[in-house]
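Asker: Below you will find the structure I want to go over with you.
The values are calculated or read from the model by the stated rules, or taken from the named source; none is laboratory data. From a predicted model like this one, the values you see are computed outputs, not experimental measurements. Here the Cβ positions follow ideal geometry from the backbone for every residue, glycine too, while neighbour counts run over all protein chains shown. Keep in mind that these areas ignore ligands, DNA and RNA; they rest on the heavy atoms of the full protein, side chains included. Shrake-Rupley method; radii C 1.70, N 1.55, O 1.52, S 1.80 Å.
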Amino acid sequence: MLTSLDKRINKVLLKTELLTAEKSQEIIALSSKEKKPFIGLLIDNKVVGEETLLSALCVELNLAPVVPDRVSLDEKVVSLIPEKMCMDYSILPLSKIGNILTVAVSDPFDVVKLDDVRLLTRCEVRVVLSLERWLKPAITRAYHPEEHGMDKFTEDMADEETVELELSKAAKESKEEDERLDLSQLSDDGSGSPVVRLVNVLLMKAIEQSASDIHIEPYEKKVSVRFRVDGVMQEVLSPPKRLHNAVASRIKIISHLDIAERHLPQDGKFQIKKSNRRVDVRVAIIPTVHGERVVLRILDSSSLVLRLEDLGFEPDDFNAFKKAIDASYGMVLISGPTGCGKTTTLYCAVKEISDPQDNLITVEDPVEYQLPGIIQVSVNPKQGLTFASALRSILRQDPDIIMIGEMRDLETADIAVKAAITGHLVFSTLHTNDSVSTILRLADMGIDRFMISSAVLLVVNQRLLRKLCAFCKTPVTLHKERLISVGFTPQEVEESKLFGPSIGGCTRCTGGYKGRTAVYEVLALDDEIKRLIINDTSPFEIKDYAINKLSLTTLRRASILKAIKGITSLDEVMKNS
């Protein structure tokens, strides 16, 4: 049976000759048989186009047409009418000027519903015409904008079912064969699909954008999902708060963590495999006031630079570094804050000198990238395998070269220094602000200064600077006085052509930047510096000597050279050196 609205529309279409009598009877019969709306069948069977139908009705009824998707909605206006009433009546408040409320309706003939709107809002109602099949989704988007944002975020990822997860049983401390599961087959609860899809898309988007981390952060009334791209955090999505626990549970499932535990921190890992590309993901979960905060660290081995020449050393620093890693024994230290690329530099050094004739072993927490032909040990403090205990065992394995992921305590540092003195080449990292502080940090940990001067060959301190987009970077003009105060020489001020990011960037970059490059402060220890270390000389005197006598390229100077070459901007130089 046709509704009163269907009958009126049928009459208008027959009158305007957009519908023949025979076709009208055919659609009416089909509607009765399949229990489907008359208007929907007209459009689905391409008897009448959506916009043609709307135009014909508007001309006949002398009403203005509207496409809800093309209208910017005001939250205050939308809140005048409850969502349930909008859905039941198929209406949507669009705007309010003075006491006149403009409302989009699909049935302008239902005066009773329009009277209800007048009574509720105490406004005069101005009617504009739309189609019900447009209004229903528009109402959902108007009252749930966060879900609409999530839909837009996921709509272009139709192939997430092809993603595979390689769930390593090593996460369960098992030596058995790896388990591979299809990402779309794992469900966190009965609803499953939306949460599975959201997690899949977040992972794929992060990999596409070369993000290093995904942060899922719960707040009192919302959830924020942020990516760290080129060292900068950016919000990409704000999913509904009600989905947060399900998303956290989904990540726990694929990371082999306890989904029932919500009050203690948990760490896990899993692996994604797609198109012959394998990406490791480290998971860290910590309980907060408003729920569990989840951080996913993405370790994409396909993006790992393993050539020393590609790291960004200045020529003299490169030669010094190459000489140190080619030594037969001693210690090379890489320092800098968390996330500055120390591990990448270490891997490059190890890969460069790797030789079948040498016994090269690493001990890491965790093993971030697997290097072919190199024995790598992952520490496991829960099982008693610490850096110190692993290092003692490694020394009984007849190593030539040892890489220690980080020296965190006196015991580890003491073993490493003694190994460097007794004929082993040792690589390791420390968290310090410059090259000289790295040496003195060992002394602060309790290592004898004579041992330090005897063991350490070279110290590298590094930072990462964002690179300007090669396609949209723009020339900038800066005051000469400012450049000189930063560290430019008068000659460089006159001859240099500096660049900055374009406003908004382009389609190939994020805000005018794309990728990162490293800057290095390389300090090779000569006899005088070793004497200064033994004599407990202040770090300022040691650095002054290194700059004036050894021509040390400081982090600031290395950054300025990158800016002069057009690789980065002055803002990045000031921010990171």
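Asker: What single numbered condition from (1) in contact (Cβ under 8 Å) with a residue 12 or more places away in the chain; (2) open to solvent by less than 80 Å² (accessible area, probe 1.4 Å); (3) on the phi < 0 side of the Ramachandran plot fails to hold for residue 497?
Answerer: (2)
Asker: Out of the residues in segment 432-444 meeting the condition of being hydrophobic (A, V, I, L, M, F, W, C) and crowded, with 18+ Cβ neighbours inside 10 Å, tell me which one is farthest from residue 416 (Cα to Cα).
Answerer: Filtering first and then ranking leaves 436.
Asker: Hey, another quick one. Please give the number of the condition residue 457 fails out of (1) modelled with pLDDT under 95; (2) more than 11 Å from residue 334 (Cα to Cα); (3) open to solvent by 10 Å² or more (accessible area, probe 1.4 Å).
Answerer: (1)
Asker: Now for a separate question. Filter the helices (runs of 4 or more DSSP H) completely within segment 490-577 down to those with at least 2 residues that are under 30 Å from residue 233 (Cβ atoms). If you could, list the steps in order and put the result at the bottom.
Answerer: On the way: elements: 490-495, 527-534, 539-549, 555-564, 570-576.
The helices (runs of 4 or more DSSP H) meeting that bar are 555-564, 570-576.
Asker: Kindly evaluate residue 483 against the criterion of being more than 30 Å from residue 536 (Cβ to Cβ), open to solvent by less than 50 Å² (accessible area, probe 1.4 Å) and not in a strand (DSSP E or B). Reasoning before the result, please.
Answerer: Details: more than 30 Å from residue 536 (Cβ to Cβ): yes; open to solvent by less than 50 Å² (accessible area, probe 1.4 Å): yes; not in a strand (DSSP E or B): yes.
It is true that residue 483 is more than 30 Å from residue 536 (Cβ to Cβ), open to solvent by less than 50 Å² (accessible area, probe 1.4 Å) and not in a strand (DSSP E or B).
Asker: Of 160, 177, 147, which residue is modelled with pLDDT under 80 and open to solvent by 60 Å² or more (accessible area, probe 1.4 Å)? Show your work before the answer.
Answerer: Working: 160 fails: open to solvent by 60 Å² or more (accessible area, probe 1.4 Å); 147 fails: open to solvent by 60 Å² or more (accessible area, probe 1.4 Å).
Sole residue among the options that is modelled with pLDDT under 80 and open to solvent by 60 Å² or more (accessible area, probe 1.4 Å): 177.
Asker: Scan segment 446-480 residue by residue and report those that are within 23 Å of residue 546 (Cα to Cα) and either part of a helix (DSSP H, G or I) or β-branched (Val, Ile, Thr) (or both). Break it down stepwise before answering.
Answerer: Our first condition is that a residue be within 23 Å of residue 546 (Cα to Cα); within segment 446-480, this holds for 447-464.
Matches in segment 446-480: 447, 449, 450, 451, 452, 453, 454, 455, 456, 459, 460.
Asker: Given the conditions (1) of a type in the set (A, V, I, L, M, F, W, C); (2) farther than 30 Å from residue 518 by Cβ; (3) open to solvent by 50 Å² or more (accessible area, probe 1.4 Å); (4) in a strand (DSSP E or B), report the number of the one that residue 286 does not fulfil.
Answerer: (2)
Asker: For residues in segment 12-29 being without any contact (Cβ under 8 Å) to a residue 12 or more places away in the chain and assigned to a helix (DSSP H, G or I), which is farthest from residue 51 (Cα to Cα)? Steps first, please.
Answerer: If we filter segment 12-29 for residues that are without any contact (Cβ under 8 Å) to a residue 12 or more places away in the chain, which is where we start, we get 14, 17, 20-22, 25-26, 29.
Checking which are assigned to a helix (DSSP H, G or I) leaves us with 14, 21-22, 25-26, 29.
Working: 14: 17, 21: 21, 22: 22, 25: 22, 26: 22, 29: 24 Å.
Result: 29.
Asker: Of the residues 273, 322, only one is surrounded by 14 or more Cβ atoms within 10 Å (Cβ to Cβ) and either part of a helix (DSSP H, G or I) or among the aromatic types (Phe, Trp, Tyr) (or both); which? It would help to see each step written out before you state the result.
Answerer: On the way: 273 fails: either part of a helix (DSSP H, G or I) or among the aromatic types (Phe, Trp, Tyr) (or both).
It is 322.
Asker: Further, regarding this structure: Do you know which residues across segment 38-64 are touching a Cys at 6+ places or on another chain (Cβ under 7 Å) and crowded, with 18+ Cβ neighbours inside 10 Å?
Answerer: Here is the first cut: in segment 38-64, the ones touching a Cys at 6+ places or on another chain (Cβ under 7 Å) are 64.
Those that are touching a Cys at 6+ places or on another chain (Cβ under 7 Å) and crowded, with 18+ Cβ neighbours inside 10 Å: none in segment 38-64.
Asker: Tell me, please, whether a residue that is modelled with pLDDT of 50 or more, open to solvent by 80 Å² or more (accessible area, probe 1.4 Å), assigned to a helix (DSSP H, G or I) and within 29 Å of residue 514 (Cα to Cα) can be found in segment 191-198.
Answerer: No, the conditions are met nowhere in segment 191-198.
Asker: Filter segment 325-340 for residues that are within 35 Å of the chain's Cα centre (by Cα), open to solvent by less than 10 Å² (accessible area, probe 1.4 Å) and small (Gly, Ala, Ser) and give the result. Let's see the steps before the verdict.
Answerer: First pass over segment 325-340, keeping only residues within 35 Å of the chain's Cα centre (by Cα): 325, 331-340.
From what is left, the residues that are open to solvent by less than 10 Å² (accessible area, probe 1.4 Å) are 325, 331-336, 340.
Scanning segment 325-340 gives 335, 336.
Asker: Among the residues of segment 67-75, is any closer than 30 Å to residue 26 by Cα and open to solvent by 60 Å² or more (accessible area, probe 1.4 Å)? Can you show your working first?
Answerer: Our first condition is that a residue be closer than 30 Å to residue 26 by Cα; within segment 67-75, this holds for 67.
If we keep only those that are open to solvent by 60 Å² or more (accessible area, probe 1.4 Å) as well, we get none.
The answer is no, given that none of the residues of segment 67-75 is closer than 30 Å to residue 26 by Cα and open to solvent by 60 Å² or more (accessible area, probe 1.4 Å).
Asker: Exactly one condition in (1) in contact (Cβ under 8 Å) with a residue 60 or more places away in the chain; (2) touching a strand residue (DSSP E or B) at 6+ places or on another chain (Cβ under 6 Å); (3) farther than 23 Å from residue 344 by Cβ is false for residue 449; which is it?
Answerer: The number of the failed condition is (2).
Asker: Please determine whether any residue of segment 371-393 is loosely packed, with under 15 Cβ neighbours inside 10 Å and more than 26 Å from residue 280 (Cα to Cα). Spell out the reasoning first.
Answerer: Taking segment 371-393 and keeping what is loosely packed, with under 15 Cβ neighbours inside 10 Å, we get 372-373, 375, 380-384, 392-393.
Cutting the leftovers down to more than 26 Å from residue 280 (Cα to Cα) gives us 392-393.
Yes, that holds for at least one residue.
Asker: Looking at segment 405-414 only, could you name the residues that are surrounded by fewer than 22 Cβ atoms within 10 Å (Cβ to Cβ) and of a type outside the set (Asp, Glu)?
Answerer: Narrowing segment 405-414 to residues surrounded by fewer than 22 Cβ atoms within 10 Å (Cβ to Cβ): 406, 408-411, 414.
Of everything in segment 405-414, those that are surrounded by fewer than 22 Cβ atoms within 10 Å (Cβ to Cβ) and of a type outside the set (Asp, Glu) turn out to be 408, 410.
Asker: Name, by its number, the condition in (1) out of contact with any Pro (no Cβ under 6 Å at 6 or more places or on another chain); (2) surrounded by fewer than 20 Cβ atoms within 10 Å (Cβ to Cβ) that does not hold for residue 255.
Answerer: Among (1) out of contact with any Pro (no Cβ under 6 Å at 6 or more places or on another chain); (2) surrounded by fewer than 20 Cβ atoms within 10 Å (Cβ to Cβ), the lone unmet condition for residue 255 is (2).
Asker: Among 297, 293, which is the only one that is open to solvent by 40 Å² or more (accessible area, probe 1.4 Å), closer than 27 Å to residue 521 by Cβ, of a type outside the set (Gly, Ala, Ser) and out of contact with any Gly (no Cβ under 6 Å at 6 or more places or on another chain)? Please lay out each step first, then the result.
Answerer: Values: 293 fails: closer than 27 Å to residue 521 by Cβ.
Among 297, 293, only 297 is open to solvent by 40 Å² or more (accessible area, probe 1.4 Å), closer than 27 Å to residue 521 by Cβ, of a type outside the set (Gly, Ala, Ser) and out of contact with any Gly (no Cβ under 6 Å at 6 or more places or on another chain).
Asker: Within segment 550-571, does at least one residue satisfy the condition of being closer than 21 Å to residue 437 by Cβ, of a type in the set (S, T, N, Q) and open to solvent by 70 Å² or more (accessible area, probe 1.4 Å)?
Answerer: Checked segment 550-571: at least one residue is closer than 21 Å to residue 437 by Cβ, of a type in the set (S, T, N, Q) and open to solvent by 70 Å² or more (accessible area, probe 1.4 Å).
Asker: Let me ask you something else. Against the definition (among the β-branched types (Val, Ile, Thr), modelled with pLDDT under 90 and open to solvent by 60 Å² or more (accessible area, probe 1.4 Å)), how does residue 343 come out, yes or no? First the steps, then the outcome.
Answerer: Working: among the β-branched types (Val, Ile, Thr): yes; modelled with pLDDT under 90: yes; open to solvent by 60 Å² or more (accessible area, probe 1.4 Å): no.
It is false that residue 343 is among the β-branched types (Val, Ile, Thr), modelled with pLDDT under 90 and open to solvent by 60 Å² or more (accessible area, probe 1.4 Å).
Asker: What strands (runs of 3 or more DSSP E), lying completely within segment 341-420, carry at least 1 residues that are touching a residue at least 60 places away in the same chain (Cβ under 8 Å)?
Answerer: Ranges flagged: none.
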